[in-house]
1. Taking amide hydrogens as modeled 1.01 Å from N in the peptide plane, which residues meet the under 5 Å criterion relative to Leu139, leaving out close sequence neighbours?
2. Using +1 at the C-beta of Lys and Arg and -1 at the C-beta of Asp and Glu, which of Leu131, Tyr166, Ser144 has the Cα lying farthest in the positive direction of the dipole of the range 130-174?
3. Each residue of the range 17-33 in turn: what ³J(HN,Hα) in whole Hz from Karplus with 6.51, -1.76, 1.60 and θ = phi - 60°, glycine and Pro shown as x?
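Laboratory data are not the source of any read-out in this text; all were calculated from the coordinates shown. The model shown is predicted, which means the values in this text are computed figures rather than measured ones. Glycine also receives a Cβ, built like all others from the backbone with ideal geometry; neighbour counts cover every protein chain displayed.
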Amino acid sequence: MFNTDLPSGRRKLFALVLGVFLIVGFSVKYLLIWLGWVGGTETDAHKKPATAPVVQPEPAPPSISPEEVAQAKGVAEQFIRAYTTVDFKKRDVWLASLESLTAPAYYDVLQEEAALARPAEGTLSTSFSKLGRMDCEALESRVSCLAEVVVLEKGENRSLPMERMYQLLLGTDEKQWVVEEVQVRGNFE
């Protein structure tokens, strides 16, 4: 496999070239480490002083009492009753009923949705029918509520109950609880 019967001059040249490659290779490695261009163990002479970033302690989130959760739950119930009672010919009345119960940013979203919404085929209005189970819990400085609701969709010749799940996120606006976000899940046939 290896030709070991090389003349001595070739063996010496091979050993010299191999030695040069080893010396140059390790020298370059340690030079790059010394410059900090590659990882490796740093010597004490070249260590950079460790500076810890200044971290200011975050203020503890205000805890929400059970009474406040109950107040938020009441606002959530009012919002669901108003949100599910819609006459599609009078969307302005519907929006006005939601204004005091929503945060300004979410109210803007509702206005945009009402302006861009396409007319519901065959559905003239929806109305709140029944509130099932509603669970509310505190999340940091907000309250999250999950509610089962039955909505009655009214058409020209029909009335159809639809079961929907609403997930609401409520926060305070310095005075009262307001709805900041709503996610609707359920049957939309």
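1. Residues meeting the criterion, in which the H sits 1.01 Å from N, are Ser144.
2. Final value for the positive-end residue is Leu131.
3. In residue order, the calculated couplings are 4, 4, x, 5, 4, 5, 5, 5, x, 5, 5, 5, 4, 6, 5, 5, 5 Hz.
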